[in-house]
Every structure is written in structure tokens, then in C-alpha cells.
1. Within 10 Å, count the other beta carbons around each residue, average over each peptide in 215-228, 316-329, and list them highest first.
2. Keeping all protein chains in position, work out how much accessible area H60 exposes to a 1.4 Å probe, and write it in Å² to the nearest 10.
3. Using only DSSP helix segments of four residues or longer, with each worth -39500 (n - 2.57), what per-residue ellipticity at 222 nm results for the chain after dividing by its residue count and rounding to 500?
4. What FRET efficiency, computed as 1/(1 + (r/R0)^6) with R0 = 35 Å and r the Cβ-Cβ distance, is obtained for A368 and D187, rounded to the nearest 0.05?
5. Could you state the accessible area per residue of the stretch 63-205 in Å², with a 1.4 Å probe and every protein chain left in place?
6. Might you report the magnitude of the Cβ-based charge dipole of the stretch 147-266 about its Cα centre, with Lys and Arg at +1 and Asp and Glu at -1, to the nearest 20 debye?
7. Cross-link candidates for K178: which aspartates and glutamates have Cα within less than 17 Å, leaving aside residues fewer than 8 places away along the same chain?
8. Using only the alpha carbons of the stretch 46-93, determine the length spanned along each of the three principal axes and report them from longest to shortest in whole angstroms.
Amino acid sequence: MTANGETSGDLPMAPIEAAPIENVTFDEIVIGQSASIARQLTVMDVELFATVSGNIDPVHLDAKFAADSRFQKVIGHGMWSGALISGVLGTRLPGAGTVYAGQDLRFRRPVGLGDVITATVTVREKQADKNIVVFDCLCTNQDGEVVVTGTAEVVAPTRKVRRAAHALPQIQMIRHDKHDALLRKCDGLEPVATAVAHPCDESSLKGAVEAAEAGLIDPILIGPAAKIRALAAAHGLDIARYRLIDVEHSHAAAAAAVALARSGEAEAVMKGSLHTDELMAEVVRKETGLRTSRRISHVFVMNVPTYPRALLITDAAINIYPTLEDKVHIVQNAIDLAKVLGVETPRVAILSAVETLNPKIATTLEAAALCKMADRGQITGGILDGPLAFDNAISAEAARIKGIKSPVSGQADILLVPDLEAGNMLAKQLSFLANADAAGIVLGARVPVILTSRADNVRTRLASCAVAALVAAARRPSLALNAAAAPLAAE
């Protein structure tokens, strides 16, 4: 969680000193000479300082904790102000080549988020034998109030330096707190009765137990009972409180899980250690499965640190080469999910390789058809645009440069991919190259289906169960789903 409870400070942070630098040598320094820099304390500053220093005192990072502290608000680290003094000494006076010898600081007043601190150093004394200069140090806030006083002793440079400022790298904060917001949306919801098919390895059984302990699901464990109990004992998992249905093998477990959902005993189905195809074959079986009038499709809910809102990618797991008719259902499933997650009017970017219609690229024609179908009310609840290349869907600036006027560019909530291969590669690229957190859900069936993977971490497993819990709760006719009233990220 960020210090003020919001996701902010994600823009690259510029260096304090960007202009060409010129130092002041020991011989040039005079008593009473001074220099200053000013900087506003941001959430990013606090988090970076905590990361570098290791000081993760919650008074600096947790708004709720800080509200009960002495100052009743999040405050910056004291040495952040001290670092500003270091910035003046190293870049302004004396500047390049300065060596710190000592510093004595007194912290007079706390510095809060948004405060603008001006750090000033003033020459008090020169010691010619060792080129030592003693400075009075003062930090004040935007109201002129003193926050830090003290002294600093440095060895001043003797060689004149004039040079361009060193180019510093841009800094991008990578957070993993957006899934926490997803989990918080489930606060107050009843755990969802979930048929867990064949949880016969550590990952799948542990995932079900963790989701149950988080209050997201009430698991019904289905599989070889003796094997499941032995597995739980081996890994220290307490499953005594959960219903356990003994069946011989994974095929029977899949069939039993679907049967429980079909009868209404389970509101969701969760994949265990069996293969996805094995479970989905039972889900889509004509006579005994969970088919509805909708085409079944998969949605990845991706929280990408570099993107300001949850990003839904569909379909990357079920429909290999979807037809235009299939895509109508896939889009509608994703729009309905986005609404459950709190997006009032989801924006759908229909992806292709280009953003213009090209008869040789079928996905561009399908994109145009889907947009027209939305205009005619055949797809409802969202704003569709396409074809859009990925850059134009994600970046309003990229669209502007190409002269594309789109209500979706830079604001996409849903990415409709051309086929499973493209969607799978996109989702995995975001996970492994952009540090995105993912959750996955299958929609279009009578109940949501949670597809977990052995490679999923705890955060991903819990988030997938949270999505299923929200979908299941939204389908309860008597339940007012207040949890979905607020979107997962800024509109």
C-alpha cells in the first residue's frame, strides 16, 4: 500500500540537478556564501527512501497506522531532508568533488506528504590547512517553518570543474498492491461454495486452503480421499473442516465437480492438479455440463504496474481461433466481468496488427463488424473501438501521433485479442517482462470456473478466487453487491 492509500508517483522521477554543473573551489568560497535547492516530498520519495535505507517504519508508509501516531499523518524520513542538504553540497556549493567529513542535524518539525522543503547551506568557517569548510544547514517548509537545523563539515574541491550534469536513469516504481484492492472488494461477502476438482498436488490443495482461510471460498475437495488427506498431512494443511468427496481419479473428480455446480451445491468450480482440457471437457459437455447460451471464454485480469487500471485480456486460454460470432460472446463476457469489478462503462480495444481496415487481415474486418454490432445493440454495456494496434490501445500519445481519434486509446479496460496464441503471449509478456499480477477466470458457464496453474503464486491464486467470488455474488438474486461499487483503478 502506498503512503496515502493511492497508487501515485508512477511517473519517472527526474534528477534534482539537470543543468550543467560548475563547482566552487575552496579558494573561491567566502564566509556567508549560501546555496539552496527545493523539493516536494512525494509518495515516491518516501517509498524510494524506505527501499534504499531499509527503514520501513509504518509511520512513513501506512496511512492508517500513521493516523494514530504522534503526528497523526504520514511523515517523511528525517534523513530525507538531510539528503537534500547533501544534494546542495554535492551539486551547488561547493559542488563536484566535495567530500563529506561530518554532519550534525536537529529535526525540529515533521515533513508531510506534499510539503515543499528548501534546503540551504551557508558558509560559516574555512580551515585552509585541510581545505575544510563548515556550513550552517537549514531546511524550511513552504510556510517558512524550520524543519531541520544543523551543521556540515566538508573537504572542498581545489580543482575547478565545469561539465554537463550526469544523466540519471528514470525510476519506475513497481508495486503489487492492486490485487490487494481486488481482495478488499470481497470483504463482507460470504465464502463461495467451490467444487475443487482433484487437488492432488501441493500447489492446488494449498491454493484452495489459502483461499478458504482468506474467506473467499468454502472448498469442496473432490478426489481420492486418502491421497488428499496424506498430501495435507505432509504439508501441514488442516482440511478437517472442509467437505471431502472421495472419487477414484481425475476424470471422476471433474465430473463430480461439474455435477455439484449443475445442482446448485457449488457456486464455482476450481481446477486442481488435473489437466485443463480434462476439466473443461466436463464443463462443456452437452447433456451434463454447465453450458449456457453464451460461448465459454477465459479472461485474464492483469494488474500491470505501468498501467493505471486493471486490464482484462480475452481470450487467452479457451478459444483457439474464435470466429466473429464467438468474439461477440467473448467481448460480452469480458464487459460483464468488468462491470462486476466496478468499471461503469468498460472500454474495449479490439486488437490487430494495424489500426486500419485491410481485407487481407481478417481481424481488422471483424473489429469493424464488432464495433457496428455494438452500435446496433448486439453487444451492450461497453465502448468498443478497433481495429487498434497494441500501442494505440494502451497509449493515447501513440494514437495522437498516428492521427487516431478514439474513445478507447489510452483508456482501454479490455483487450480483445485476435486468437489464443496472441492472447497467451501477451498475458505472459506482461507477467514476465512488465511484472504484472494476473488472475484468471472462465466465464459463459453456469458458474465461474477458476483455472489455476502450478506456476501461480499465492497472490495470483487468491486474486483468481476473488474474481470468482465477485462473479458468484453478483449472480445471487437476493444480494446487493456493494463490493463492486468502486472500480479497481482510476477511471
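The values are calculated or read from the model by the stated rules, or taken from the named source; none is laboratory data. Please read these numbers as outputs of a predicted model, since none were measured by experiment. In this analysis, Cβ positions are derived from the backbone assuming ideal geometry, glycine residues included, and neighbour counts consider all displayed protein chains. For the accessible areas, the whole protein counts, side chains as well, though only heavy atoms, and no ligand, DNA or RNA atoms are used. Shrake-Rupley method; radii C 1.70, N 1.55, O 1.52, S 1.80 Å.
1. Numbers: 215-228: 22.4, 316-329: 17.6.
Per-residue Cβ counts within 10 Å, averaged per peptide and sorted highest first, yield 215-228, 316-329.
2. The accessible area of H60 comes to roughly 20 Å².
3. On the way: 15 runs with 158 residues, N = 491.
Helices in the chain give a 222 nm mean residue ellipticity of -9500 deg cm²/dmol.
4. Numbers: r = 42 Å, r/R0 = 1.21.
Given R0 = 35 Å and the Cβ-Cβ separation, E is 0.25.
5. Details: 7150 Å² over 143 residues.
Solvent-accessible surface per residue comes out at 50 Å².
6. Working: 14 positive and 14 negative charges, 225 e Å.
Using only the charged Cβ atoms, the result is roughly 1080 debye.
7. E6, D10, E47, D62, D187, D413, D437, D456, E491
8. Per principal axis, max minus min of the Cα coordinates gives 40, 20, 10 Å.
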